[in-house]
Structures are given as structure tokens and as C-alpha cells.
Amino acid sequence: MRINLLSSFAAGILIATTICGVVYFTDDTTPEKASAKSSGDVKLTAAQMKDELESAGYVVQTKEELEKTLEAAKGIETKPADSKEQDKPVTQVVVNVADGMTSIDVANVLVQASLIPDAFVFTQDIEARGLQNALRPGSYTVNSGMSYDEIIGTIFKN
């Protein structure tokens, strides 16, 4: 009885494999044909594709339009007010103020970033303005295009 059970199982596997092989080799559907059948074999022009994407909320630009936009953005960034600043790139620094930091710590960071010339003078100016207690923990972004007062106003908020 055990041999009969084993031969029946083997015969079932052989029949299932044969059926799968016949279906696999006789089916003429390729992935390209399957996707064409599912999409309805619709061919869109470039203008139609652009309209479809824009109606879905996407911004679509040609390569030339993108290059013009990038050149315009570069032109805006590199037009300083006077000619001295034209040769000097803008340096952006993120100052992370932690609990326990003082104005001298912030001044040292700004001196290392070459945004102010002297840390001691900066600290004296902060104390003269009465802002030594206005320093709060957080991240503050300053850049070399900002004036001295703008830097102080950004980091030392009342």
C-alpha cells in the first residue's frame, strides 16, 4: 500500500508539471503585450503627456526651460549690491546654541566662520545692548551677507 501511495503522488506531480509546462510554452503573451493590452494601447504625444502631468499637479519643464531657470537663479544669487562683495562668496553658517552656552561661545563660533572680526568686542557689544540673557537654545542660520546688527538680531532674540 505504501508503494501505491508514493506512485500516485509522483504521478500527480508529473501531471501538474506537464500541465504547467504546456500552458507556459503555448501562451504567447509577453510582458510588452500584456502592458499594451492593459493600457488600451494608447499613444500620447509629448504635449498630451505634459498636460496630463500638469493636471495631476506636477511641474513639467523641458531641459532648455530648466537650464534657463537655473541660469536666472544663479544670476539673482550672484548680483551683490557693490563690487567688493561680487568677488566674495556668501558663507552660510548654522549656529547651534545649547543650554549653558554664553555670548562668548557664540562669538567664538562666529569668529571661526569669519562672520565677525573679534569675539571680545562682540561680547562687549552684546552686554552693552543688554542681550546677554536673550540667548536661547536652538539652531540659528546666519550668513556673510547679513549686517552685524542682523546677525545679533537673529541669534539674540528678545
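The values are calculated or read from the model by the stated rules, or taken from the named source; none is laboratory data. Here the structure is a predicted model, which means the values were calculated and not measured. Glycine gets a Cβ as well: all are built from the backbone with ideal geometry, and neighbour counts include every protein chain shown.
Those residues that are over 22 Å from the mean Cα position of the chain (by Cα) and part of a loop (DSSP other than H, G, I, E, B), I need them from the range 43-57; list them, please. K43, L44, T45 - these are the residues of the range 43-57 that are over 22 Å from the mean Cα position of the chain (by Cα) and part of a loop (DSSP other than H, G, I, E, B). Among the conditions (1) at pLDDT 85 or above; (2) surrounded by 12 or more Cβ atoms within 10 Å (Cβ to Cβ); (3) within 30 Å of the chain's Cα centre (by Cα), V60 misses just one, which is (1). Can you find a residue that is over 29 Å from the mean Cα position of the chain (by Cα) and at pLDDT 85 or above anywhere in the range 93-100? Yes, the conditions are met somewhere in the range 93-100.
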